[in-house]
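**Q** First the structure, which I've put down as structure tokens, then a few questions once you've had a look.
What follows is calculated from the coordinates using simple rules that are stated; it is not laboratory data. This structure is a prediction, so every number in the text was calculated from the model and none was measured. Positions of Cβ are generated from backbone atoms using ideal geometry, with glycine treated the same way; all protein chains shown enter the neighbour counts.
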Amino acid sequence: MRKYLIISLFLLSGIVNAQELNCRIQVSSQSIQSSNKRVFESMQKDLYEFLNNRKWTDNVFSTDERIECNILINLTDQISSDEYKGTIQIQSNRPVFNSNYNSVMLNYKDNDLQFRYVEFQSMEFSENSHMSNLTSILAFYAYVIIGLDYDAFSLDGGTAYFQRAEKIVTNAQTAQEKGWKSFDSQKNRYWLIENILNPKYGPIREFYYRYHKNGLDVMAEKSADGRASIAEDLKLLQKVYREKPSAFMTFLQVAIDAKSDELVNVFSESYPEERTRVNNLLKEIDPTNSGKYQKILTPEGK
């Protein structure tokens, strides 16, 4: 009896202690001419531990519920002995019910990466102040990843985590590094979270929810019903595109970048009228990828 109690407590402990993210980190330093390459190995290890060992929510995640994500940091310049510039690519996935398929939720490249890193120095972060540009950027994207994941399981379920990301942006308004302010560029962290929380972009968050819950999640058993729901859900993106709430619609582009390849695969299996309708809609809201969407009309092997 005691043996089973110990095992149960051990398993329960593993569930309670499991964090929200299962994030793979890669730091590329090929462009940096440095005699001490070990520092980049330490950097990668510290970033991994910062993201994966920290509790980002008050909720309990089991090990297999952790959000799968990938972060690629490409360092292009070493400004000083401990200061670097480069880019950061963030990708996250959501599992689809009754399948072993993962759907891309976010595939975003941030070109405004600049930070200081000192080997063996602790990675400090506070939600109430801007202590480190590196940890603020990582925490910002951690909350965006979590917010999108929650949005895909319940309508507007990620609001609290998007608001935490917004607070990080607010705290960083005095930072010298780019990426946090409205006037830095039309595509940066400021505009990403502004769009996500802006009610004018609300249909995109509704799309994330309906696309997954009523679309992908039912396709294993009712593929035609799932596709029909997704075809209807795309009108939510079309609504935002036609209303054009801002000059550079960052959040709309984020949704399109995450789903474009998947949409081609989904509707290549559809019937002619639906394929034509979806193809026309996607070409309207994402004209730069018209060639990609043409594959919906002429899928390989058909």
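**Q** Mind putting a number on the dipole of region 41-153 about its Cα centre? Charges go on the C-beta only, +1 for Lys and Arg and -1 for Asp and Glu, and I need it in Debye to the nearest 20.
**A** Dipole magnitude for region 41-153 comes out near 180 debye.
**Q** Mind putting a number on the dipole of the chain about its Cα centre? Charges go on the C-beta only, +1 for Lys and Arg and -1 for Asp and Glu, and I need it in Debye to the nearest 20.
**A** 200
**Q** Using a 10 Å cut-off around each Cβ, can you sort THR57, THR63 from fewest to most neighbouring Cβ atoms?
**A** THR63, THR57
**Q** Counting other Cβ atoms within 10 Å of each Cβ, which GluC sites (Glu not before Pro) in region 152-224 have at most 15 and sit in a DSSP loop?
**A** Here the GluC sites (Glu not before Pro) that fit, given the DSSP loop and packing criteria, are GLU221.
**Q** A further question on this structure: About its Cα centre, what dipole magnitude does region 182-223 give when the only charges are +1 on Lys and Arg Cβ and -1 on Asp and Glu Cβ, stated in debye to the nearest 20?
**A** The dipole magnitude comes to about 60 debye.
**Q** Want the number for GLN78 to LYS235: 0.36 nm per residue separation, take away the alpha-carbon distance, what's left?
**A** Full extension of this stretch gives 52.0 nm more.
**Q** So how do LEU236, LEU216 line up by other beta-carbon neighbours within 10 Å, fewest first?
**A** Fewest to most other Cβ atoms nearby, the residues stand as LEU236, LEU216.
**Q** Using Cβ contacts closer than 10 Å as the measure, can you line up PHE125, PHE248, PHE153, PHE267 from fewest to most?
**A** PHE248, PHE153, PHE125, PHE267
**Q** Out of all DSSP beta bridges with both ends in the chain, state the antiparallel percent to the nearest 5.
**A** Antiparallel bridges: around 75 percent, rounded to the nearest 5.
**Q** Just from its helices, what would the mean residue ellipticity at 222 nm be for the chain, if runs of 4 or more DSSP H residues each count -39500 (n - 2.57) and the sum is divided by every residue, rounded to the nearest 500 deg cm²/dmol?
**A** Result for the chain, helices only: -15000 deg cm²/dmol.
**Q** Tally Lys/Arg at +1 and Asp/Glu at -1 over every other residue whose Cβ is under 14 Å from the Cβ of TYR161; what's the total?
**A** Around TYR161, the charge tally is -2.
**Q** Using the charge dipole of the chain (Lys, Arg: +1 at Cβ; Asp, Glu: -1 at Cβ; taken about the Cα centre), state which of ILE168, SER126, TYR209 has its Cα farthest towards the positive end.
**A** Toward the positive end, the furthest listed residue is TYR209.
**Q** Okay, next question. Using a cut-off of 11 Å between beta-carbons, work out the net charge of the residues near SER81 (Lys and Arg +1, Asp and Glu -1, SER81 not included).
**A** Cβ neighbours under 11 Å give a net charge of -2.
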